[in-house]
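The values are calculated or read from the model by the stated rules, or taken from the named source; none is laboratory data. Here the structure is a predicted model, which means the values were calculated and not measured. Positions of Cβ are backbone-derived with ideal geometry, glycine not excepted, and every protein chain shown enters the neighbour counts.
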Amino acid sequence: MGRLEVDGSDLVLRLTWREKIAGFHGNIRVPLTTIRSVSVPKYPWQALRGWRMAGTGIPRIAALGTRRHGTGYDFALLHGSRPAVQVELATGRFERWLVSVDEGEDPRAEAQRVASAAGIRVSPDR
């Protein structure tokens, strides 16, 4: 399962080799200073924007890869009914990452960890 990792002054979305193949993308790295907000969407599948450009999409099963919408691109890494963390970015290729957390992990704790590293507060659930 892909993971959000803080590496020095960067946030890295590390993908498994299967996610790299299915999502047509490698790991993604952005500076922590570009993070505008971090939240835990109540319904991750409803938080998806636009349509799949590159990657794999099976509704309610998997959304892996780049999604294009009216103002740009998002990157999705959703698996089944697992909760997710949403990271909004100020600059870079993607405006938003939507990433499922591992089975049994607390998405709020994961969001808090990322937000703390970026020096911001977790945004309210939507």
Problem - Answer from 83, 59, 41 - the residue that is modelled with pLDDT under 95 and not polar (S, T, N, Q) - result: 59
Handout entry: Flag for residue 76 being at pLDDT 95 or above, within 21 Å of residue 103 (Cβ to Cβ) and not in a strand (DSSP E or B)
Key = no
Practice task
Can you confirm whether the range 48-59 contains a residue that is closer than 20 Å to residue 25 by Cβ, touching a residue at least 24 places away in the same chain (Cβ under 8 Å) and under 11 Å from the mean Cα position of the chain (by Cα)?
Solution key: yes
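Yes/no per residue for (1) surrounded by 17 or more Cβ atoms within 10 Å (Cβ to Cβ); (2) in a loop (DSSP other than H, G, I, E, B):
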residue	(1), (2)
26	no, yes
93	no, yes
98	yes, no
105	no, yes
108	no, no
Completion exercise
Of the candidates 98, 77, the one satisfying the condition of being within 19 Å of residue 20 (Cβ to Cβ), of a type in the set (A, V, I, L, M), in contact (Cβ under 8 Å) with a residue 60 or more places away in the chain and touching a strand residue (DSSP E or B) at 6+ places or on another chain (Cβ under 9 Å) is 77
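For the range 79-90, give me each residue that is more than 15 Å from residue 32 (Cβ to Cβ), in a loop (DSSP other than H, G, I, E, B) and of a type outside the set (D, E, K, R). I'd like the intermediate steps shown before the answer.
Step one: of the range 79-90, the residues more than 15 Å from residue 32 (Cβ to Cβ) are 79-84, 86.
Next, from what is left, pick out any that are in a loop (DSSP other than H, G, I, E, B): 80-83.
Hits for the range 79-90 are 80, 81, 83.
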Fill in the blank from the handout: Across (1) in contact with a Ser or Thr (Cβ under 7 Å, 6 or more places away or on another chain); (2) modelled with pLDDT under 95, residue 104 clears everything bar (1)
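Taking the condition surrounded by fewer than 18 Cβ atoms within 10 Å (Cβ to Cβ), of a type outside the set (A, V, I, L, M) and touching an Asp or Glu at 6+ places or on another chain (Cβ under 9 Å), does residue 69 pass?
On the way: surrounded by fewer than 18 Cβ atoms within 10 Å (Cβ to Cβ): yes; of a type outside the set (A, V, I, L, M): yes; touching an Asp or Glu at 6+ places or on another chain (Cβ under 9 Å): yes.
Yes, satisfied.
Taking residue 114, is it of a type outside the set (Lys, Arg), crowded, with 19+ Cβ neighbours inside 10 Å and part of a strand (DSSP E or B)? Outline the logic, then answer.
Numbers: of a type outside the set (Lys, Arg): yes; crowded, with 19+ Cβ neighbours inside 10 Å: yes; part of a strand (DSSP E or B): no.
The answer is no for residue 114.
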Completion exercise
If we keep only residues of the range 91-126 that are more than 12 Å from residue 35 (Cβ to Cβ) and among the polar types (S, T, N, Q), then the residue nearest to the chain's Cα centre (by Cα) is 100
